[in-house]
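Data block below; observations after.
The values are calculated or read from the model by the stated rules, or taken from the named source; none is laboratory data. Since this is a predicted model, take the numbers as computed values, not measurements. We place every Cβ from the backbone using ideal geometry, glycine too, and count neighbours over all the protein chains shown. Remember, those area values only see protein heavy atoms, side chains included, never the ligands or the DNA or RNA. Shrake-Rupley method; radii C 1.70, N 1.55, O 1.52, S 1.80 Å.
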Amino acid sequence: MLNIDCPWCGKRHETEFRYGGEAHIARPEDPAALDDTEWAEFLFMRKNTKGYFAERWLHNNGCRRWFNVIRNTVTHEIVGSYKMGETPPKLPKSAGGAK
Amino acid sequence: MADNASWITPAAAIAESFPDGFSELRPCAQVNLRGDIADLAFTDAVKSVTGLTLPDMPNKVATGKDFKALWLSPDEWLLVGEGDAEALVQSLEDALAGQHVAVNDVSANRTIFELSGPHSHHALMKSSEYDFHPRVFAPGDCVQTLIAKSQAIVEQVGENMFHIYVRSSFSRYVGGWLAEALAEYNEAP
Ligand SMILES: [Zn+2]
């Protein structure tokens, strides 16, 4: 069971949250200018990081806000949470998995 | 005024089996309010209508004369009281005209259970992963979490008294669960 820090509500159990996949993927400014390959790249292609990973979470059974979390995909260590638009927290030096 | 005195929820079917210290409250007025708490025009207008200073601290309750405000999210509150929801919506809409806000009567969305007595927090702790221990959760606090896997708002209204807001359609299930959770503490020693 992960304990996830909602930037507003504080630490809650994983069951209150919904996973939202990789963070920091910007929607193309002008979707109509993209060809199918580029659009598919934006829509479907995601990193499969082993180690520290910036991902989105939704506090869907609490305040219903989206926010970002840095989590180690190998050890489940959570480095920190930050609101949309905020700077991610610094990664610890001793990486639990390959970067 | 909307006549909601006769509203019943699915929990009414099992109300007779509820133990001492657990009951479903009669319907009251509930209004969902959204707006920017950093905007004085918004907070002043809300205060002029309700007398409330909206809580900006997460999971806190502010109490006014006729209504209280439960923090639901950074820009959202639930106003709860015995008054007239339609009249409150109307006066808020008038006072907030032209502002980027949302005011909605959600009185029929959730029903409210009252859980009281020296073991009320034990019954909650048994039913949720959230920590309802008195050292963490106190009167004036509210929380949105899962009670028996159902989304609920829990508000501590007194030292040994809680209000649990659940979707009306879930009320028979959650009501039955909490009644069962409390029952063991009421058994004669
Ligand atoms: Zn939250």
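Here is a check on your reading of the model: is A:M1 within 14 Å of chain B (Cβ to nearest Cβ), away from the ligand (no atom under 16 Å from the Cβ) and either touching a His at 6+ places or on another chain (Cβ under 7 Å) or on the phi < 0 side of the Ramachandran plot (or both)? Step through it out loud before you land on a result.
On the way: within 14 Å of chain B (Cβ to nearest Cβ): yes; away from the ligand (no atom under 16 Å from the Cβ): yes; either touching a His at 6+ places or on another chain (Cβ under 7 Å) or on the phi < 0 side of the Ramachandran plot (or both): yes.
Yes, satisfied.
So, in the range B:37-54, exactly how many residues are within 14 Å of chain A (Cβ to nearest Cβ) and either farther than 27 Å from B:T145 by Cβ or surrounded by 19 or more Cβ atoms within 10 Å (Cβ to Cβ) (or both)?
0
Report every pair of residues separated by at least 6 positions or lying on different chains whose Cβ atoms are under 8 Å apart, first residue within the range B:39-62 and assigned by TED's automatic domain parsing to the domain that holds B:L78, second assigned to a helix (DSSP H, G or I) and buried (at least 20 other Cβ atoms within 10 Å of the Cβ).
Sorted first by the residue in the range B:39-62, then by its partner, the pairs are B:A45/B:L92; B:V46/B:L92; B:V49/B:L88; B:V49/B:L92; B:T50/B:L88; B:T50/B:L92; B:L52/B:V46; B:L54/B:V46.
Name the single residue that is surrounded by the fewest Cβ atoms within 10 Å (Cβ to Cβ) among those in the range A:70-81 being under 12 Å from the mean Cα position of the chain (by Cα) and within 15 Å of A:K11 (Cβ to Cβ).
If we take residues in the range A:70-81 being under 12 Å from the mean Cα position of the chain (by Cα) and within 15 Å of A:K11 (Cβ to Cβ), then A:G80 is surrounded by the fewest Cβ atoms within 10 Å (Cβ to Cβ).
Any chance you could count how many residues in the range B:139-157 are more than 12 Å from every other protein chain (Cβ to nearest Cβ) and either touching a His at 6+ places or on another chain (Cβ under 6 Å) or open to solvent by 50 Å² or more (accessible area, probe 1.4 Å) (or both)?
So the count comes out to 3.
Filter the range A:52-69 down to residues that are farther than 14 Å from A:G21 by Cβ and either under 13 Å from the mean Cα position of the chain (by Cα) or among the charged types (D, E, K, R) (or both), then give me how many there are. So that I can check it myself, show each step before the final result.
Residues of the range A:52-69 that are farther than 14 Å from A:G21 by Cβ, as a first pass: A:52, A:59-65.
Still in the running and either under 13 Å from the mean Cα position of the chain (by Cα) or among the charged types (D, E, K, R) (or both): A:52, A:59, A:64-65.
Result for the range A:52-69: 4.
Could you check, for the range A:67-87, whether at least one of its residues is within 13 Å of the ligand (Cβ to nearest atom), more than 20 Å from B:D75 (Cβ to Cβ) and at pLDDT 95 or above?
yes
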